[in-house]
Amino acid sequence: MMSLRSFHRTTLIPIVVFVGGMLTTGAGCSSDPNVEGAKLDLRNKDYDRAIVNLDKALETDPGNHEAYFLKGKVYQEMLAQESDVVAHTELFKSMDENYVKALDNAPAEGSAELRDDIAARRRLAWYNEYQRGLAKYNSENYDDAVVFFTNATEIQPDSASTYVNLAFAYISGERPSEALVPLENAIEKGDRNPDSYNYLSDLYMEADRQDDAIAILITARAEFPDNTEITARLFNLYARTGQLEEALPLAEGEVQRDPSNAQHHYNYGSLLLEAERYDDAIAELEKSVELDPDNVSGLFNLGAAYQNKGVDLNEEVSSLDEEIRTGDMSDDAAEEAGARMEAAAAERDGLFEKSIEPLTKARALSEASGEDADLTGICTALGQAYARTNDMEKAEEAYSCAEGN
């Protein structure tokens, strides 16, 4: 399963938005001379004087919706000219705060134009913050990208794409834990990109929230049943958390979907091996190494499947032997039990002998690749196979290999 460290820089989602023409609400005469003065100041780009006039108007009438609206406009124009990220964000918050107050104080009737104008200006503000976030992301300034995308989510909290891009900015900026909530929000707001579900499952795993990781992948698989990456992630999570009964149908389904894929046969066979269904495991692992003869893990697991089945037969041999020696049975029954014991012993020895070929290949491939960590288990299994087949010289050499790695 992909770890967060292996995340690659992601191309973000561009947006094209129709903002619409700005209305001229508030351009007419006001009963407050300070509001009229602020309009002139705004036309003259004297923003500080405009704010002073509007604050005076609001001292006189704290419910003056036109003053709040004009104050929002002033901050929005200042916002466009401010390059410092901290100062820019403060202006952004002041702008939106005043637009919200204008809406809260506007009369219920006769303010449709005002409401439309504010809605258009807020859409424009969201679009501009979004574009600033994209520019910062593409220049690899991820911390600033986070700030701008966060601003955009605050003014348009239902935009799924904004949350997606905010999450990727956190991830690319090596702040993955902070990406979790934005991705949750993106999916909640309607994002339907399979990558979002996959990334979110990885973030849950990083946060040790395995149940949540599984739950989001189950949801994703229901929506994207043909997405192989989602299925593979869910399979891996089930396998890692020991949920064999849930993992087995997924692995079997992948084999049926693509029977020429060696990895699918390996996954299914390895699960069957863990579930102690040795005959089925052997069949799948034999197919896996037939399709991919250089898969060290596949060869090792095939050898293990042969040997584990042999161990089960050895227990049967021991049980029959004890039954014959200590049991109160007729001569015919003892003869039948002896025959079964001999057959089980012969099959047991044959399975250990069969394990030698794939294990020998696995050892050679492991030694050639320098993957010494694999050699301990491989050589130990080989030692057991040689000892069972009475080739003690090779058994000793294999055990020496295991001890030396």
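The values are calculated or read from the model by the stated rules, or taken from the named source; none is laboratory data. Values in this document were obtained by computation on a predicted structure and should not be read as measured data. All Cβ positions, glycine included, derive from the backbone under ideal geometry; neighbour counts span all protein chains shown.
For the criterion of being touching a Pro at 6+ places or on another chain (Cβ under 9 Å) and either under 16 Å from V85 (Cα atoms) or at pLDDT 95 or above (or both), N151 fails. Of the helices (runs of 4 or more DSSP H) lying entirely inside the stretch 159-230, those containing at least 3 residues that are in contact (Cβ under 8 Å) with a residue 12 or more places away in the chain, out of contact with any Gly (no Cβ under 9 Å at 6 or more places or on another chain) and assigned by TED's automatic domain parsing to the domain that holds N138 are 160-172. I need the full set of residues from the stretch 44-79 which are of a type in the set (S, T, Y) and closer than 16 Å to L114 by Cβ, in order please. Selection gives Y68 alone. Take the stretch 99-145 and flag every residue that is in a helix (DSSP H, G or I) and of a type in the set (S, T, N, Q). Selection gives N105, N128, Q131, N138.
Restricting attention to the stretch 160-182, the residues being touching a Phe, Trp or Tyr at 6+ places or on another chain (Cβ under 7 Å) and among the hydroxyl-bearing types (S, T, Y) number 2. Restricting the stretch 94-110 to residues that are crowded, with 19+ Cβ neighbours inside 10 Å and touching a residue at least 40 places away in the same chain (Cβ under 8 Å) leaves a set whose member that is farthest from the chain's Cα centre (by Cα) is A106. In summary, helices (runs of 4 or more DSSP H) completely within the stretch 260-358 and bearing 1 or more residues that are over 28 Å from T241 (Cβ atoms), at pLDDT below 90 and of a type in the set (D, E, K, R) occur at 296-326.
Among the residues of the stretch 59-79, the one identified as of a type in the set (D, E, K, R), closer than 16 Å to P107 by Cα and assigned to a helix (DSSP H, G or I) is E66. For the stretch 156-169, give me each residue that is surrounded by fewer than 24 Cβ atoms within 10 Å (Cβ to Cβ) and not polar (S, T, N, Q). The answer is P157, D158, A160.
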